[in-house]
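The structure appears right after this line, and notes come after that.
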């Protein structure tokens, strides 16, 4: 009886499962509800839905913006910081990515960045959410490497850590290697005790 039930259930669910398991494309994003408060990304061809972040996430983002803005204004005034998620996309015959990093740093002035949607940041930052750390530590590592982003920083409040990754291009393609500090912003020091204080 249970076998029969399972067979019937699988038959009934087959079209829905096929829809969920199929590879998502960038064009599929246009069919999703607009302005519903959900952040949609595509990682390795799978749709990732993220609700609005917690206030602790916002607090870390605010501290990052303050620290980064201070260094940019003092040392690199022609660079700019995107303080809200932007779309970064890559689609080939075999893979689809659409990512929205929490923060992005460009080596171009703000007006140039605003006028050219194709410009890629030189640094992207993700603040790890406790519900899906594998997105930031695994899926987005591959995504940002394939896009050619020179540095990727993973800011993890749960582990009180900041991980810096630098792009390496070799015989086996692009991948990231961990570094002890940013090579692109050497004047910036992020102290976890200060960054995550009270959270």
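The numbers here are math on the coordinates, done by the rules we state, and not lab data. It should be emphasised that the depicted structure is a prediction, and the values quoted were computed from it without experimental measurement. FYI the Cβ positions are ideal-geometry reconstructions off the backbone, even for glycines, and counts take in every protein chain you see.
Below, the figures for the structure above:
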{"quantity": "Between the stretch 76-144 and the stretch 158-199, the Cα center-to-center distance that results, in Å", "calculated": "15 Å"}
{"quantity": "Most to least packed among 147-153, 123-129, 161-167, 89-95 [average Cβ atoms within 10 Å]", "calculated": "123-129, 147-153, 161-167, 89-95"}
{"quantity": "For the stretch 54-94, Kirkwood radius (reciprocal of mean inverse C-alpha pair distance, Å)", "calculated": "12.4 Å"}
{"quantity": "For peptides 104-113, 69-78, sequence by mean Cβ density within 10 Å, most packed first", "calculated": "104-113, 69-78"}
{"quantity": "Equivalent-ellipsoid semi-axes of the stretch 53-195, from the Cα gyration tensor, Å, largest first", "calculated": "22, 19, 15"}
